[in-house]
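Novice: The structure's right below; bear with me while I get my questions together.
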Amino acid sequence: MKAITVGSAMIDIITLVRSEDIERVSMTNATTSFLLLEQGKKIEAASITDHVGGGAVNAAVSMRRLGLDVSALVKIGHDLNGAKVRERLSAEKVGTDKVIETDKAGTGTAVMLSSHDRNAAIFTLRGANTLLQSRDLQPDVFVGADLVYVTALSDHSADCFPLILQTAKAQGAFVSANPGIRQLTSRTSVFLDCLSNLDVLAINTVEASALAPTLAATDASKTTRAMVVPDNAPQLLRRGLSFGGYTMSLPAAMSCLRNLGVDRVLITDGGGGAYLADDAGIHFCPILKVQMAGSAGAGDAFTSTFVALTALGKAVDIALPAAAINAASVVSFIDTQTGLLAQDTLMARVAAYKEQLAVRTFPWSEP
């Protein structure tokens with residue numbers, strides 16, 4: 001299967017600081033916590049390393065290790081960091097024929113500061129990632145692609161989102177998107193109008209919650225499917241989505257998105273597991289708990305694995321646990337790609353964790 005990933009390429013500079021060398025402050029009445037740095041103080045780092053990352057690159061490496069023939073459509077600067085991106089893709093046998101260089105901005109860079117629970121704070125300079133243009137997307141750009149996977153786009157690149165989906169779908173590809181919160185909140189109506197060109201939409205709970213008020217105002221919300229949610233259902237299925245004082249049930253939100261045209265809706269809830277809505281209902285898969293070295297890349301690993309295996313025809317009870325296992329493997333390392341597993345290793349672990357990662361299905365109520 002030939003796949004093309006679209007989105008960002010980054011250089012990730014990861015700094016690990018020992019817990020005793022940096023203070024963590026947690027809020028009493030909220031779930032937010034902060035890493036506290038003393039102004040003017042030179043703090044000794046446990047390690048400072050740099051890695052090639054970014055949504056499209058992470059997804060491409062993930063899919064390549066799963067056996068797909070992958071190319072990455074990314075925009076990089078004409079600089080040393082851009083050369084690093086090309087070198088990394090080539091080392092992973094990911095096609096670089098769709099990499100675009102520009103002299104208008106440097107290659108995107110992120111600085112990650114990780115300590116305590118290893119949930120990193122991230123400083124981001126998106127650089128060339130923001131400069132994708134319609135002229136970069138010729139009608140034949142997706143010819144021969146069986147799968148097109150679109151990661152988060154920002155600024156001018158996000159304006160190309162409708163064209164990317166339309167062009168990919170016109171070529172007969174299986175099309176999936178994992179947009180970011182900035183794209184969803186700044187271009188909500190445009191995004192919702194594109195859903196009919198998507199086979200899989202993957203978002204996290206924060207992103208789904210931000211969409212809820214707008215979804216409730218659409219005509220699609222008037223015909224959502226009902227569901228009987230048992231008392232022992234996973235937390236998000238019982239609690240629903242909340243944003244700005246507004247609450248929407250998870251079945252209503254996922255059904256509404258499907259009414260707008262997308263076939264499958266995947267919502268990840270961090271440590272709370274993942275939910276997939278399709279014709280049968282909502283499927284839930286828990287996470288695989290591991291010792292976390294870094295949180296970056298978990299979402300990319302989960303969604304790219306699920307999308308790739310789904311496009312290959314794997315059933316939900318295989319694709320969801322496999323995604324959970326690959327994400328758990330990634331967070332066992334500080335960078336976004338070292339932990340990505342080859343397909344044979346991944347399938348062996350799916351069999352080994354069959355009971356621990358058993359998928360529960362909550363069917364739609366009859367009309």
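The values are calculated or read from the model by the stated rules, or taken from the named source; none is laboratory data. This one's a predicted model, so the numbers in the text were calculated from it and none came from an experiment. Neighbour counts are summed over all protein chains in view; Cβ atoms, including those assigned to glycine, are modelled from backbone coordinates with ideal geometry. In case anyone asks, the SASA skips ligands and DNA or RNA and just uses the protein heavy atoms, side chains included. Shrake-Rupley method; radii C 1.70, N 1.55, O 1.52, S 1.80 Å.
Novice: Test of understanding: among Leu260, Leu276, which residue is under 30 Å from Val190 (Cβ atoms), modelled with pLDDT of 95 or more, in contact with a His (Cβ under 7 Å, 6 or more places away or on another chain) and not aromatic (Phe, Trp, Tyr)?
Specialist: It is Leu276.
Novice: So the check is Cβ under 7 Å with 6+ separation or different chains; which pairs have a first residue in the range 200-216 that's under 16 Å from Arg258 (Cα atoms) and in a strand (DSSP E or B) and a second one that's open to solvent by 10 Å² or more (accessible area, probe 1.4 Å) and of a type in the set (Lys, Arg)?
Specialist: Close Cβ pairs satisfying both conditions: Val200/Arg264.
Novice: Scanning the range 217-238 for residues that are assigned to a helix (DSSP H, G or I) and more than 25 Å from Arg182 (Cβ to Cβ), which turns out most open to solvent (accessible area, probe 1.4 Å)?
Specialist: The extreme case among them is Lys222.
Novice: What's the number of the only condition in (1) over 20 Å from the mean Cα position of the chain (by Cα); (2) at pLDDT below 95; (3) open to solvent by 10 Å² or more (accessible area, probe 1.4 Å) that Ser90 fails to meet?
Specialist: Against the list (1) over 20 Å from the mean Cα position of the chain (by Cα); (2) at pLDDT below 95; (3) open to solvent by 10 Å² or more (accessible area, probe 1.4 Å), Ser90 comes up short only on (2).
Here is a yes/no grid of residues against (1) at pLDDT below 95; (2) farther than 16 Å from Val148 by Cβ; (3) β-branched (Val, Ile, Thr):
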{"residue": "Gln39", "(1), (2), (3)": "yes, yes, no"}
{"residue": "Glu44", "(1), (2), (3)": "yes, yes, no"}
{"residue": "Ser47", "(1), (2), (3)": "yes, yes, no"}
{"residue": "Asp50", "(1), (2), (3)": "yes, yes, no"}
{"residue": "Met63", "(1), (2), (3)": "no, no, no"}
{"residue": "Val70", "(1), (2), (3)": "no, no, yes"}
{"residue": "Lys75", "(1), (2), (3)": "no, yes, no"}
{"residue": "His78", "(1), (2), (3)": "no, yes, no"}
{"residue": "Gly82", "(1), (2), (3)": "no, yes, no"}
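Novice: Of all residues in the range 99-148, which are at pLDDT 90 or above, at positive phi and open to solvent by 30 Å² or more (accessible area, probe 1.4 Å)?
Specialist: Result: Gly144, single match.
Novice: Check the range 257-270 and report whether any residue there is assigned to a helix (DSSP H, G or I), surrounded by fewer than 17 Cβ atoms within 10 Å (Cβ to Cβ) and small (Gly, Ala, Ser).
Specialist: Yes, because at least one residue in the range 257-270 is assigned to a helix (DSSP H, G or I), surrounded by fewer than 17 Cβ atoms within 10 Å (Cβ to Cβ) and small (Gly, Ala, Ser).
Novice: Follow-up. Count, please, the residues in the range 271-303 that happen to be surrounded by 24 or more Cβ atoms within 10 Å (Cβ to Cβ) and part of a strand (DSSP E or B).
Specialist: Final tally of qualifying residues: 6.
Novice: Here are Thr218, Thr205: which of them is among the hydroxyl-bearing types (Ser, Thr, Tyr) and under 18 Å from the mean Cα position of the chain (by Cα)?
Specialist: Among Thr218, Thr205, only Thr205 is among the hydroxyl-bearing types (Ser, Thr, Tyr) and under 18 Å from the mean Cα position of the chain (by Cα).
Novice: Right, next: Would you confirm whether or not the range 323-344 contains a residue that is touching a Cys at 6+ places or on another chain (Cβ under 6 Å) and open to solvent by less than 10 Å² (accessible area, probe 1.4 Å)?
Specialist: Yes: the range 323-344 contains one or more residues that are touching a Cys at 6+ places or on another chain (Cβ under 6 Å) and open to solvent by less than 10 Å² (accessible area, probe 1.4 Å).
Novice: Pairs please, first residue from the range 291-306 and touching a residue at least 40 places away in the same chain (Cβ under 8 Å) and over 14 Å from Ala324 (Cβ atoms), second anywhere and of a type in the set (Phe, Trp, Tyr) and open to solvent by 10 Å² or more (accessible area, probe 1.4 Å), Cβ atoms under 8 Å, 6+ apart in sequence or on different chains.
Specialist: Going by the 8 Å Cβ cut-off, the qualifying pairs are Ala293/Phe333; Gly294/Phe333.
Novice: When Ala212 is evaluated against the numbered criteria (1) among the small types (Gly, Ala, Ser); (2) touching a Leu at 6+ places or on another chain (Cβ under 9 Å); (3) crowded, with 22+ Cβ neighbours inside 10 Å; (4) modelled with pLDDT of 95 or more, which criterion, by number, is the only one it fails?
Specialist: It is condition (4) that Ala212 fails.
Novice: So in the range 329-367, with the set limited to residues that are free of Cβ contacts under 8 Å to residues at least 60 places away in the same chain, hydroxyl-bearing (Ser, Thr, Tyr) and not in a loop (DSSP other than H, G, I, E, B), which one is farthest from Ile48 (Cα to Cα)?
Specialist: Checked the range 329-367; the qualifying residue farthest from Ile48 (Cα to Cα) is Thr345.
Novice: I'd like to know if the range 334-348 contains one or more residues that are farther than 19 Å from Arg64 by Cβ and touching a Phe, Trp or Tyr at 6+ places or on another chain (Cβ under 8 Å).
Specialist: Within the range 334-348 (the criterion being farther than 19 Å from Arg64 by Cβ and touching a Phe, Trp or Tyr at 6+ places or on another chain (Cβ under 8 Å)), the answer is no, since none of the residues qualifies.
Novice: Of all residues in the range 311-350, count the ones that are closer than 22 Å to Gly272 by Cα and either modelled with pLDDT of 95 or more or hydrophobic (A, V, I, L, M, F, W, C) (or both).
Specialist: Number satisfying all stated conditions: 24.
Novice: Looking only at the range 158-180, filter to residues that are under 24 Å from Thr268 (Cα atoms) and among the polar types (S, T, N, Q); which one of those is surrounded by the most Cβ atoms within 10 Å (Cβ to Cβ)?
Specialist: Taking the candidates together, the pick is Ser176.
Novice: Something else: Is it true that some residue in the range 52-70 is touching a residue at least 12 places away in the same chain (Cβ under 8 Å), surrounded by fewer than 22 Cβ atoms within 10 Å (Cβ to Cβ) and in a strand (DSSP E or B)?
Specialist: Yes, the conditions are met somewhere in the range 52-70.
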